[in-house]
Structures are given as C-alpha cells and as structure tokens.
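The values are calculated or read from the model by the stated rules, or taken from the named source; none is laboratory data. Owing to the predicted nature of the structure, the values given are computational and were not obtained by experimental measurement. Ideal geometry is used to build each Cβ from the backbone, glycine not excepted, and the neighbour counts take in all protein chains shown. Accessible surface areas use protein heavy atoms only, side chains included; no ligands, DNA or RNA. Shrake-Rupley method; radii C 1.70, N 1.55, O 1.52, S 1.80 Å.
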Amino acid sequence: MPAKPLTDEQLQDAIRLKSLFLRRKKEDPSLTQEKLAFLCGWKTQGTITHYFNGRIPLNLGALQKFAEALDARLDEISPSLAAVVGALQKNTVDHGAGVSTSHGHDVSESNDNVEIRMLYPSELNGTHSNSEGEVEFSIKKMTISKAFLHNNAKFSSLDNLALTPALGDSMEGTYNDGDLLLIDRGVNQIRDSGIYGFKLTDEIFTRRIERRPDGGIAIIPDNKKYDSYTVAREAQDKLKIHYRVVFAWAGKKFT
C-alpha cells in the first residue's frame, strides 16, 4: 500500500520550508540543496527533496536541523511542531546540559518533578554511542512534573522511565519518525497488547505487539504499507522485550 498521505498542515510545512529555502538562496546563491543537506548532516540531497515535495512529514529532529541551517525560527517552518517544542520548554526541557551516556541513572527526582534523560537506540542496544543516521535531538533531558506523568502515562516505576526518538515510518498513524517517545524500561515481558521495544536479532525494533489465541505473538506495524507477522510459540524464546512505549509527544498516550 502507498504511504499515508500528509495532512494539510504537513503539506503547508513543506511549502513554507521550500519557500524559506528559495528566499535564502536569493540572498546566498551558493546555497544549493546539496549544501543544505550537508549543513543538516544528511549524505545526499534526496532527503531534502522528499521534505520539500511533501513526500515525508517534518519531525522535531528535522525541523531543528532546517531551522539552524537556514537561520530561521521553528515557527517560520512549522507552527504546529514549534508549538510542541514550546510545550516541552514550558515543562522545563533542558536543551543544553550534557548527559553521560554510559554511567548513572536515567531518572533523578525532586519532590514534585522528575528529570528524564534521552537514550538513543544504540544506547538502548548496549553500544553507548550514537550510530550513523540516528536522529539527533537538542533535547538531552526533560524535567516533568510527577502529576503530569501519573495523569498521562501508565508505568512500572519513575526510575524506569527514559526518552528515545522514534525511528522510521513503521508506526505512522500513531506517531511519526523523529517523534519523542517516553518508554518504561521496567517492562520486560508482554503483559497485554501495547507498543514494545524488542529484539529478535541484534537490533531493537518498536512495534505493536498482541498475543494470539493460538499462542503466537503478533508483531504489528501501524503503518499499513508494512506487513504484520507472527512469532510462533516455539520461537518466542528469541523474542526479548526491552521496554514499553507509554507516551509519544504528539500528545498520544498508551494504556
């Protein structure tokens, strides 16, 4: 099946982005799509073309890269995503503090708040270093009120919470590539249907998981252009659960 069409707002983001690029190009004729790709950290201009033509939607990571490369405010490109960033900042997002990626806890607490740090997929996978192509966020950690967490997310313990970027389009319709996910690392088994981070080989994937009446475990991408598949009972010892997604910062919660 074809990819899910972009919303009107996402298409308007693409138009604003391309128009901004053309204005900057008039000011600096040396600014090409290839140069813009380099400034954003992408290997080829193909990614730029996809964003300009509305083939893929902007996400927070890409928005931040474009804004820095084009010397623009976030809301000049995407008012809706800029509003998400504003909401995160209102919840006292820390954009500048460094975070150790190999030692220490993922969560620290005060009386009313918890500070939760970002973990990249490579860290969740145990390599403790960002792999080429991973989404880079200026957000390193987030301070959130305990009341917000208890009202909006179901989790095993505050100590088990971490942030990670969503990668790929397999879960489009629920959240998008580059969205910010709140995960519970204390969930290491499938208790009920939900969105889990798991390994079947050496790589962590995040998909919806459901138990089947016949004992099989269904792995379901919410983007219908991808096929679901079932892990048979005899192969389930290879399936290792690493976390459960409990909230995605497009404002959706999972219970």
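For LYS240 and ARG55, calculate 0.36 nm times their separation in residues minus their Cα-Cα distance, and state this gained length in nm to one decimal. Walk me through the numbers on the way to the answer.
Details: separation 185, 0.36 × 185 = 66.60 nm, distance 3.39 nm.
Value of the extension gain: 63.2 nm.
Determine the gain in length on full extension of the stretch ASP202-LYS154; use 0.36 nm per residue of separation and subtract their C-alpha separation, reporting nm with one decimal. Each step should come with its number before you reach the end.
Details: separation 48, 0.36 × 48 = 17.28 nm, distance 2.79 nm.
Here the segment from ASP202 to LYS154 would lengthen by 14.5 nm.
Using a 7 Å offset from the Cα along the Cα-to-Cβ direction at both ARG191 and ARG24, what is the distance between the two label points in nm, to one decimal?
Going by the 7 Å Cα→Cβ label model, 4.6 nm.
Going by average Cβ density within 10 Å per residue, which order do the peptides 44-57, 209-222, 174-187 take, highest to lowest?
Numbers: 44-57: 16.6, 209-222: 15.1, 174-187: 21.5.
Top to bottom by mean Cβ count within 10 Å: 174-187, 44-57, 209-222.
Top to bottom by accessible area (1.4 Å), largest first, where do LYS35, LYS146, LYS26 land? Each step should come with its number before you reach the end.
Values: LYS35 75, LYS146 45, LYS26 175 Å².
Ranked list, largest accessible area first: LYS26, LYS35, LYS146.
Express in whole angstrom the spacing between the alpha-carbon centres of region 1-72 and region 178-227.
Centre-to-centre distance over Cα atoms comes out at 31 Å.
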